[in-house]
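Report on the structure given below.
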Protein chains: 2
Amino acid sequence: MSFQIAIGPNIRKSAYFDATVRDGVRSFSVYNHMYIPVHFGHPDSEYDRLLSGVVMWDVAAQRQVELRGPQASQLAQYLTPRNLSGTRVGQGRYVPLCDHAGRLINDPVLLKLAEDRYWLSVADSDIHLWAAAIAAERGFDVAVCEPDVSPLAIQGPQAVEVATALFGDWVRELRYFGFRETTLDGIPLVLARSGWSKQDGYELYLMDSRRGTELWDRVKAAGAPHGIGPGAPNDIERLESGLISYGADMRVQTHPVTPYEMGFGPLIDLAAGHDFIGRAALQALAAAGPARRRVGIFVEGPEASPPGHPVDLLLAGTAVGFVSEIAYSRRLDRVIGVGLVQADIGDGAEGLTIALPDGRRPVRLTGLPFIK
Amino acid sequence: MSFQIAIGPNIRKSAYFDATVRDGVRSFSVYNHMYIPVHFGHPDSEYDRLLSGVVMWDVAAQRQVELRGPQASQLAQYLTPRNLSGTRVGQGRYVPLCDHAGRLINDPVLLKLAEDRYWLSVADSDIHLWAAAIAAERGFDVAVCEPDVSPLAIQGPQAVEVATALFGDWVRELRYFGFRETTLDGIPLVLARSGWSKQDGYELYLMDSRRGTELWDRVKAAGAPHGIGPGAPNDIERLESGLISYGADMRVQTHPVTPYEMGFGPLIDLAAGHDFIGRAALQALAAAGPARRRVGIFVEGPEASPPGHPVDLLLAGTAVGFVSEIAYSRRLDRVIGVGLVQADIGDGAEGLTIALPDGRRPVRLTGLPFIK
């Protein structure tokens, strides 16, 4: 199946849209009401470059929700069950967000820019509305907005060389999720050691969308000696690495999950003295233990057409979980996937199957990640 | 520019997805995290059929946010500045939703299904998160969810004949936005006289997504004698008719607007005794008068490539507003558009221009709609 995407004013264009079009983007998706590149016509070499070199990704659709004001810290803390008390300025934290029933509604990285200023670097749901409603109804003295911030990711083992060439040696000392506000020849940005892959890299949070093409071209030039090329967040690598995709792996409206089911239990501090959204529900969930657990799956047989939507994980014809996404991994020479399964079904379970477009296939459960 | 859309598990498929693929959909967009058809390869005849016959549209991406429980009426009323006190079961209402600063965040139709059960049939933003946050923080005894409801629209002057063939003569008596729960050979649905065009028609709110293809095929068969064909919400007709598109005409993160600027003043009841979100802000806005007003524009010159994003409306080089979207109207043989302009600039203003991909063009302001 191949379909066109309509380019119209109801979906936003990224600060890098023009540059990616010029550089040959072939396929888009939509994320946070914004076009996001999916590939540039060479998926295999884009994957190879991520694993062995360096790629540049337009991830401006990873929007920021800014919390700013005297009570920004209180609001940030109320929004997540993770205890933020030790978080310093310049530190990022992976912060699951739950609704009042304890179900995940997003899994952003929180960047603490100042004692009174935070960004939630969000996955694909309108957390700006959620945070604004919470702030207003609780009377927090905090302004919630979506600032003009457009991340560009450079990912891969050579990313550190490109970042060093652009910014200097200090970038080598940044710890994972650490960041610093800086400029690149006058272009304002936040440089963070982060990104949606396990191949190491950086995200350049451009703070002036008018300068998207300029930044894109500077990164491209600095990366040229290292063979940089355009790409996009890679579903195969994310499955191999066990990264979570809000929207694919869970979505609160359609396939809700709890943070305990996703393995976020260690991030949740029920002993903390402060209140946070979903606290009572999470306490009950923690006491009961998770009903399902996150697993990797091996799909037996040759390369398969992915269904393009979650499918039931079946045991003797009965659904005992679901598989979010599958893909053929060249590194493993296997079809792999991720999903959730009933907690009482062990990795050695026999007789599990999934229905794919070209027929039913046996599957086996395994731990995550597939590749460290 | 022509790009592919990636079909993957992070975007939802409509209940009618398989049927639209089988029937030749060529272009998609994404709306409420769901694929929505944009055309089936024949935009001109799809437009003609909407105006003179009947079309069927997969608008399942117009998701429902259900408010259910003893305080559902109180929550519905708190969410909108429109006074709902006279609303009866079986009635729909167009209800602007504002944030606490009085800015529009969505413009759904509210369907009152029962005294304790409402649907907000929402435009493209995550109102399920907004409504859930408000309900929980205010302690309303209401469950907020997104039910399994998938609207299919039949629109055009012949739509009434198709609906009559399917459901019986009673559908002719339905008033605009009126609806009734019913079944079609056992398929549960709500039939409403509504839809995102001014050509009359109905929306069939399917309440069992497993039966999407079945419903699609029944509508197709009933419409065959009237020349029904597949199509999609039509941007040209919506511009001609002055319909609002949340996301294109405004979006709170990028181009926020107030309901007074959009002409919704008559819908807002500041004299009501009850509280609602944004009340204080809207009172101040009403007292000050709107800073901008909604206008139609005529773009001088021949058919033009649309920019695909909002553009500034310029007076002597200075932005005095913006134009959301333009299109060539065959009925008017003019390039038309809609936008917002500073309130002190009258329809007769001279010297206005917009920058299009193929050059600057003079524009003239006019009232809406272009065609009644």
Practice prompt. Kindly establish whether residue B:363 is surrounded by 16 or more Cβ atoms within 10 Å (Cβ to Cβ), among the β-branched types (Val, Ile, Thr) and under 18 Å from residue B:236 (Cβ atoms).
Written response: yes
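Inside segment B:137-177, can you point out the residues that are within 14 Å of another protein chain (Cβ to nearest Cβ) and either in contact with a helix residue (DSSP H, G or I) (Cβ under 9 Å, 6 or more places away or on another chain) or part of a helix (DSSP H, G or I) (or both)? Show your work before the answer.
Within segment B:137-177, the subset within 14 Å of another protein chain (Cβ to nearest Cβ) is B:137-150.
Correct list: B:137, B:138, B:140, B:141, B:142, B:143, B:144, B:145, B:146, B:148, B:149, B:150.
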Worksheet item: Which condition number in (1) part of a strand (DSSP E or B); (2) buried (at least 22 other Cβ atoms within 10 Å of the Cβ); (3) not hydroxyl-bearing (Ser, Thr, Tyr) is the one that residue A:102 fails?
Response: (1)
Fill in: Any hit, segment B:220-234, residues being touching a residue at least 40 places away in the same chain (Cβ under 8 Å), within 14 Å of another protein chain (Cβ to nearest Cβ), within 28 Å of residue B:278 (Cβ to Cβ) and not hydrophobic (A, V, I, L, M, F, W, C)
yes
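Working only within segment B:315-340, note down all residues that are in contact with a Ser or Thr (Cβ under 6 Å, 6 or more places away or on another chain) and among the hydrophobic types (A, V, I, L, M, F, W, C). Lay out the reasoning, then the answer.
Initially, segment B:315-340 is screened for residues in contact with a Ser or Thr (Cβ under 6 Å, 6 or more places away or on another chain), giving B:336, B:338-339.
Matches in segment B:315-340: B:336, B:338.
Taking residue B:319 as the residue in question, decide whether it is small (Gly, Ala, Ser) and loosely packed, with under 13 Cβ neighbours inside 10 Å. Walk me through it before giving the result.
Values: small (Gly, Ala, Ser): yes; loosely packed, with under 13 Cβ neighbours inside 10 Å: yes.
Yes.
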Fill in: Residues (touching a Leu at 6+ places or on another chain (Cβ under 6 Å), without any contact (Cβ under 8 Å) to a residue 60 or more places away in the chain and closer than 15 Å to residue A:300 by Cα) located in segment A:318-338
A:323
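Taking residue B:56, is it of a type in the set (A, V, I, L, M, F, W, C), in contact (Cβ under 8 Å) with a residue 60 or more places away in the chain and crowded, with 21+ Cβ neighbours inside 10 Å? Outline the logic, then answer.
Working: of a type in the set (A, V, I, L, M, F, W, C): yes; in contact (Cβ under 8 Å) with a residue 60 or more places away in the chain: yes; crowded, with 21+ Cβ neighbours inside 10 Å: yes.
Yes.
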Response to the item:
Counting only residues in segment A:6-23 that are in contact with a strand residue (DSSP E or B) (Cβ under 7 Å, 6 or more places away or on another chain) and assigned to a helix (DSSP H, G or I), the one surrounded by the fewest Cβ atoms within 10 Å (Cβ to Cβ) is identified as A:17
Discussion item. Checking the condition surrounded by fewer than 15 Cβ atoms within 10 Å (Cβ to Cβ), of a type in the set (A, V, I, L, M, F, W, C) and within 14 Å of chain B (Cβ to nearest Cβ), which residue from A:327, A:280 passes?
Written reply: A:280
Response to the item:
Scanning segment B:135-185 residue by residue, those of a type in the set (A, V, I, L, M), over 21 Å from the mean Cα position of the chain (by Cα) and surrounded by fewer than 24 Cβ atoms within 10 Å (Cβ to Cβ) turn out to be B:136, B:143, B:165, B:166, B:171, B:184
Discussion item. Filter segment B:339-356 down to the residues that are in contact (Cβ under 8 Å) with a residue 12 or more places away in the chain, within 21 Å of residue B:255 (Cα to Cα) and in a loop (DSSP other than H, G, I, E, B) and list them by number.
Written reply: B:343, B:345
Practice prompt. Give just the number: which of (1) part of a strand (DSSP E or B); (2) of a type in the set (D, E, K, R); (3) within 21 Å of residue A:234 (Cβ to Cβ) does residue A:124 not satisfy?
Written response: (1)
Response to the item:
Expected single match for out of contact with any Asp or Glu (no Cβ under 8 Å at 6 or more places or on another chain) and within 14 Å of chain A (Cβ to nearest Cβ) among B:299, B:311, B:252 is B:311
Worksheet item: Only one of (1) within 25 Å of residue A:309 (Cβ to Cβ); (2) touching a Ser or Thr at 6+ places or on another chain (Cβ under 6 Å); (3) touching a residue at least 12 places away in the same chain (Cβ under 8 Å) is not met by residue A:40, so which one is it?
Response: (2)
Practice prompt. Sort out which residues of segment A:263-277 are more than 14 Å from chain B (Cβ to nearest Cβ) and surrounded by fewer than 21 Cβ atoms within 10 Å (Cβ to Cβ), and write them in order of number.
Written response: A:263, A:265, A:266, A:267, A:269, A:270, A:271, A:272, A:273, A:274
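When you look at residue A:65, is it of a type in the set (Val, Ile, Thr), surrounded by 23 or more Cβ atoms within 10 Å (Cβ to Cβ) and without any contact (Cβ under 8 Å) to a residue 40 or more places away in the chain, yes or no? It would help to see each step written out before you state the result.
On the way: of a type in the set (Val, Ile, Thr): yes; surrounded by 23 or more Cβ atoms within 10 Å (Cβ to Cβ): yes; without any contact (Cβ under 8 Å) to a residue 40 or more places away in the chain: no.
Considered against the rule, which asks whether it is of a type in the set (Val, Ile, Thr), surrounded by 23 or more Cβ atoms within 10 Å (Cβ to Cβ) and without any contact (Cβ under 8 Å) to a residue 40 or more places away in the chain, residue A:65 comes out as no.
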Worksheet item: Could you list, in sequence order, the residues of segment A:105-117 that are buried (at least 24 other Cβ atoms within 10 Å of the Cβ) and over 30 Å from residue A:216 (Cα atoms)?
Response: A:105
Worksheet item: Mind checking whether some residue in segment B:235-244 is buried (at least 17 other Cβ atoms within 10 Å of the Cβ), in contact with a strand residue (DSSP E or B) (Cβ under 7 Å, 6 or more places away or on another chain) and of a type in the set (Ser, Thr, Tyr)?
Response: no
Item to complete: Can you work out which of the residues in segment A:118-134 that are within 17 Å of the chain's Cα centre (by Cα) and more than 10 Å from chain B (Cβ to nearest Cβ) is surrounded by the fewest Cβ atoms within 10 Å (Cβ to Cβ)?
Response: A:121
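The numbers here are math on the coordinates, done by the rules we state, and not lab data. Not measured: the values here are computed from a predicted model. Note: ideal-geometry Cβ built from the backbone for every residue, glycine included; neighbour counts use all protein chains shown.
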